Amino acid sequence: MRPFRYRDRHDAGLVLARELLDYAGHPNAIVLALPRGGVPVGYEVALHLRVPLDVYVVRKLGVPGHEELAMGALAGDGTCVIDRRLIASVGISQQSFDSVIAREIAELRRRQIAYRDKRPERELAQKRVILVDDGLATGSSMHAAVAAVRSHKPAAIVVAVPVGALETCASLQRVADRVVCPLQPEYFGAVGLYYDDFVQLEDDEVRRLLARAALLESNRWKAA
């Protein structure tokens, strides 16, 4: 049986926004999208809820030679979530681990500069933070994002994704205040299987969507 599929990330964002209508127009709500793939999803969520959009840069720490396998994740404020059991089972040396960390720190800093366009980081204290990505496989990046955002003392953290592995969503329920995921297949595979169009995004598209959202916010979300 063919699994349910979204047309693209914007379509997924529209579906997700309908699951989050209780945050529509909330004065303390903010959408933080994990780039790159989470940004078009987050854009649609923020647009339809009429709340601010920003990025929250998190980098997956891939196993050397098998980068799709996450051994942890790193957030912009230095928060690092590590799967020590995986590292031990694969036999990753400290030198290899340090090399991955150094590379991802450099890329994380590059993306923060590229995406922010001199816009200051948002104040998250007492905010209802909606963390958005295009999907959850292992969830390592989202776990790092939740841990990092929690240190800013928000009123609540909502993890919102269009599709996620059942076990991953359950694990995030234990660290987030709420997890919203319309599609949670028991046999997951990969995030891209649930999209007709899952093209890799470029930095320019991320910047365009963030700039558009900032303009709409400044105009009090009067135009779509």
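The values are calculated or read from the model by the stated rules, or taken from the named source; none is laboratory data. This structure is a prediction, so every number in the text was calculated from the model and none was measured. Glycine also receives a Cβ, built like all others from the backbone with ideal geometry; neighbour counts cover every protein chain displayed.
Are any of the residues in the stretch 99-120 closer than 18 Å to Asp204 by Cα, modelled with pLDDT of 90 or more, hydrophobic (A, V, I, L, M, F, W, C) and touching a strand residue (DSSP E or B) at 6+ places or on another chain (Cβ under 6 Å)? Scanning the stretch 99-120, I find no residue that is closer than 18 Å to Asp204 by Cα, modelled with pLDDT of 90 or more, hydrophobic (A, V, I, L, M, F, W, C) and touching a strand residue (DSSP E or B) at 6+ places or on another chain (Cβ under 6 Å), so the answer is no.
Being of a type in the set (D, E, K, R) and part of a loop (DSSP other than H, G, I, E, B) is the filter here; which residues of the stretch 111-136 pass it? Of everything in the stretch 111-136, those that are of a type in the set (D, E, K, R) and part of a loop (DSSP other than H, G, I, E, B) turn out to be Asp117, Lys118, Arg119, Glu121, Arg122, Glu123, Lys127, Asp133, Asp134.
Return yes or no: is Gly62 modelled with pLDDT under 95, over 20 Å from Ala160 (Cα atoms) and assigned to a loop (DSSP other than H, G, I, E, B)?
Working: modelled with pLDDT under 95: yes; over 20 Å from Ala160 (Cα atoms): yes; assigned to a loop (DSSP other than H, G, I, E, B): no.
The answer is no for Gly62.
Of everything in the stretch 153-170 that's crowded, with 17+ Cβ neighbours inside 10 Å and of a type in the set (Gly, Ala, Ser), which residue is nearest to Tyr6 (Cα to Cα)? Looking at the filtered set, the residue picked out is Gly164. Is it the case that Arg103 is surrounded by 10 or more Cβ atoms within 10 Å (Cβ to Cβ) and more than 25 Å from Val161 (Cβ to Cβ)? Answer is yes for this residue. Kindly list the number of the only condition in (1) in contact with a Pro (Cβ under 9 Å, 6 or more places away or on another chain); (2) in a helix (DSSP H, G or I) that fails for Glu104. That leaves (1) as the condition not met.
Against the conditions (1) touching a Gly at 6+ places or on another chain (Cβ under 7 Å); (2) in contact (Cβ under 8 Å) with a residue 40 or more places away in the chain; (3) surrounded by fewer than 21 Cβ atoms within 10 Å (Cβ to Cβ); (4) more than 15 Å from Val41 (Cα to Cα), Ser140 satisfies every one except (3).
Just one of the listed residues (Pro27, Pro40) is outside any loop (DSSP other than H, G, I, E, B) and out of contact with any Ser or Thr (no Cβ under 6 Å at 6 or more places or on another chain), namely Pro40. Hey, does the stretch 119-134 have a residue that's on the phi > 0 side of the Ramachandran plot and touching a residue at least 60 places away in the same chain (Cβ under 8 Å)? Checked the stretch 119-134: at least one residue is on the phi > 0 side of the Ramachandran plot and touching a residue at least 60 places away in the same chain (Cβ under 8 Å).
Just to be sure before I move on: is Arg150 of a type in the set (Lys, Arg) and surrounded by fewer than 16 Cβ atoms within 10 Å (Cβ to Cβ) in the structure I sent? Reasoning before the result, please.
Working: of a type in the set (Lys, Arg): yes; surrounded by fewer than 16 Cβ atoms within 10 Å (Cβ to Cβ): no.
The answer is no for Arg150.
Matching residues to (1) of a type in the set (A, V, I, L, M); (2) touching a residue at least 12 places away in the same chain (Cβ under 8 Å); (3) more than 18 Å from Ala156 (Cα to Cα):
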| residue | (1), (2), (3) |
| --- | --- |
| Arg7 | no, yes, yes |
| Leu14 | yes, yes, yes |
| Ala17 | yes, yes, no |
| Leu32 | yes, yes, no |
| Leu49 | yes, yes, no |
| Val55 | yes, yes, no |
| Leu69 | yes, yes, yes |
| Ala73 | yes, yes, yes |
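Out of all the residues in the stretch 159-174, is one or more of a type in the set (Val, Ile, Thr), within 20 Å of Gly37 (Cβ to Cβ) and in a helix (DSSP H, G or I)?
The first filter runs over the stretch 159-174 and keeps only residues of a type in the set (Val, Ile, Thr), leaving 159, 161, 163, 168.
Checking the rest, the ones that are also within 20 Å of Gly37 (Cβ to Cβ) come to 159, 161, 163, 168.
Narrowing further to those that are in a helix (DSSP H, G or I): 168.
Among the residues of the stretch 159-174, at least one is of a type in the set (Val, Ile, Thr), within 20 Å of Gly37 (Cβ to Cβ) and in a helix (DSSP H, G or I), which makes the answer yes.
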